[in-house]
Every structure is written in structure tokens, then in C-alpha cells.
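Worksheet: the structure to be examined is printed underneath.
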């Protein structure tokens, strides 16, 4: 018997669960894994859409919902927002990018990253058993948990918004680019160089100021007269002479002194939501 299994009491209650995922294969695999490796979780319903999930959840009133984030029509967050009053735990099962996962974890909601690993699923079972026991026994803890879930939904609106695309017009035409794929922007006289996470660069005949009205400036921040960065790609800060934001590709972007206070305010807000 491994360490994970031994940490779960044999007398632990069974937790009822509903799986919500628009992909057939995703639902089947997760249910099979739960059935085989999680003896204290019983799947009592599945749904392939937010609309179907509401019906199933209302009928079976599960202890926990294993919820996919990206689904056509209503996504997982929209479904969750409509179910805030339901007294249930939530586990996200998602291939969402890393900064969004940090936001989920910060709000005390568990998650599993696709493809789901058996060891991580077993760990989730352990956490659910502990959480479920407290959740049912203490009304105050139920209220706190629901507040955390509400904060998660509200905070994730920022991250969902940057999935929208903007049009970048260049010399040979234009590209539609998701805001989340923009790492940084750099002014070059009357032009702006847009750096993407694919390492592609697009030169656009618009000023950097123009982009401040187009981008979600809760996630993007202008750190210098010549630079806007996406905080999702920032990995650190270095205080040498001037201050520098360090990005995921080790590029350092100078932060002007007059923008330093506003920069830290943005960072503190973003880190509160995303770490």
C-alpha cells in the first residue's frame, strides 16, 4: 500500500461527484480513473455542457463537481458563477495555462491538470475528504468557502478577458492575436513592435499609447515610455540601478522611476489574484 492510500482512512465517507466536460473522452477517462483509484469518490452524474450540468447538479446535489474550464458556449467559470448558492466543492480539471491555475489554487479550489495523473487524483481524493468533513460540519466554513469560490470567479474574469483577440495591422495585411499570447510591446518611433509567445514579432503602425486603450490593463502594464509588458509572463523583479521586470525568456525590461509605484500596485493586485 502506498503513502497516499495509507493516508486515507478506510472508514472515510463516500463523496458523491459529478463530472462536467464537453469532451466525451475526457469524461470517460476521468470516471474510469475515479472508479479504479478513488474508492471514496462515487460518480453519480456526468454532463457535456453547462446547461446539462445545471440539471444534473440540481437532481443529484453532489458533494463535489469535477469541472472543465474551456467548453463551448458557457465555460466552467460561467457555470460556477450560476451555481454559487449550491453547497458543493469544486475541482477544476483543465489544460488551462499556468497563471490561471495559480489563481484557482489561491482561492482554495483544487485542480487537476490534463492529462490527469493517478498520483495527483489520489491526492485530490485525500484533500476532498478532509475538506468535505469540515465543510459539512461547520456552517461558517461553508460560507467562507463559497466566498472564496465567488472571489475566484470574479478574479478569473481578468484572465478570461485576455483570451479575446485583437487585430494587428502590418505591412502585408493583418493578424488576429489573442491578448494572452502577447508577451510585451515596444515602441519604435511611430510604430510598435509586438512580441508574441511564439517568438514571432509583428511591427504595427500604431503608437504604444493606442494599445493602452485596446489591451486589458489589469494584466498589461506600461512600465516605461517605450514598453508595455504582460504580467502573466513576468517571472521576477531586479533592483539594479533602475528597476527591471524579468520576463519568462530572461529578457529584462527597464521600469522608469515615475512608473515604479503604479507598476508595484499592478503587480500586487495581479499576484493576489494569480499566486
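What follows is calculated from the coordinates using simple rules that are stated; it is not laboratory data. From a predicted model like this one, the values you see are computed outputs, not experimental measurements. In this analysis, Cβ positions are derived from the backbone assuming ideal geometry, glycine residues included, and neighbour counts consider all displayed protein chains.
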Protection proxy (average C-beta count within 10 Å per residue), highest first, orders 64-76, 110-122, 168-180 as 64-76, 110-122, 168-180
If N is the residue count of segment 165-274, its Cα Rg over 2.2 N^0.38 Å rounds to 1.03
Could you tell me whether segment 22-95 comes out rounded, prolate or oblate from its Cα gyration tensor? Rule is a ≥ b ≥ c as square roots of the eigenvalues, rounded for a/c under 1.5, then prolate if a/b exceeds b/c, otherwise oblate.
-> oblate
Overall form of segment 223-275 per C-alpha gyration tensor (a/c, 1.5; a/b vs b/c) | oblate
Whether segment 11-62 is rounded, prolate or oblate, judged on the alpha carbon gyration tensor where a/c under 1.5 counts as rounded = oblate
